[in-house]
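Take a look at the structure below.
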Amino acid sequence: MAAPYVVEFEVEKDDFLAAGEGSGSVKDTLKMLGMHSAIIRRAAIITYEAEMNLVIHGGGGVLKVLITPERIEIVSSDEGPGIPDVEMAMREGFSTAPDRVREMGFGAGMGLPNIKRNSDSLSIDSTVGVGTTLRAVIELAGQGGSV
């Protein structure tokens, strides 16, 4: 892999039928690139949780994955309502998902904690009324991830 490899897709608000397709595409790409299964699993969890947050909370948005020999960088961005209290949103079990989403089995308040748990670094930039950008990085050096 000489140059960065980019996987990018748009995520639609409330599109639960398509939710997970983007993270599946990332998983397939990482397999094709010969990444180690543990790295693929971590990246799949991060992208799936970020994708679901766009579907449920962000009003849709863009998920972009940049793959280099050194790292996998996952960036989720939306122009949704923003997160009023990022620290609170990071707590396991905290959720602002509406009842209709919880009745479908989503919105348990584990998305951001799962992203953090599977990332080597995580940053969340959110402004109420403007939107949110989440950046999660998986470092590949010494982890059998680079090809």
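The values are calculated or read from the model by the stated rules, or taken from the named source; none is laboratory data. All values derive from a computational prediction rather than experimental measurement. Neighbour counts run over all protein chains shown; Cβ positions are idealised from the backbone, glycine included.
Please verify whether the stretch 87-107 includes one or more residues that are touching a strand residue (DSSP E or B) at 6+ places or on another chain (Cβ under 9 Å) and among the acidic types (Asp, Glu). Spell out the reasoning first.
Of the residues in the stretch 87-107, the ones touching a strand residue (DSSP E or B) at 6+ places or on another chain (Cβ under 9 Å) are 89-90.
Keeping just the survivors that are among the acidic types (Asp, Glu) gives none.
No, the stretch 87-107 contains no residue that is touching a strand residue (DSSP E or B) at 6+ places or on another chain (Cβ under 9 Å) and among the acidic types (Asp, Glu).
Of everything in the stretch 22-35, what is touching a residue at least 24 places away in the same chain (Cβ under 8 Å) and in contact with a helix residue (DSSP H, G or I) (Cβ under 9 Å, 6 or more places away or on another chain)? Give them in sequence order.
Residues of the stretch 22-35 that are touching a residue at least 24 places away in the same chain (Cβ under 8 Å), as a first pass: 22-23, 26, 29-30, 33-35.
GLY22, SER23, VAL26, LEU30, MET35, listed by residue number.
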Hits in the stretch 1-50 - residues which are loosely packed, with under 14 Cβ neighbours inside 10 Å, assigned to a helix (DSSP H, G or I) and over 15 Å from the mean Cα position of the chain (by Cα): ASP28, LYS31, MET32, SER37, ALA38
Any hit, the stretch 58-76, residues being over 21 Å from GLU139 (Cβ atoms) and at pLDDT 95 or above: yes
Yes/no for THR127 being β-branched (Val, Ile, Thr), modelled with pLDDT of 90 or more, under 25 Å from ASP14 (Cα atoms) and touching a helix residue (DSSP H, G or I) at 6+ places or on another chain (Cβ under 9 Å): no
Top-ranked residue of the stretch 21-44 - restricted to ones that are more than 14 Å from SER119 (Cβ to Cβ) and charged (D, E, K, R), ranked as modelled with the lowest pLDDT: GLU21
Pair list, Cβ < 8 Å and 6+ apart or interchain, from the stretch 99-120 residues that are on the phi > 0 side of the Ramachandran plot to residues that are part of a helix (DSSP H, G or I) and crowded, with 16+ Cβ neighbours inside 10 Å: GLY107/ILE56; GLY107/VAL101
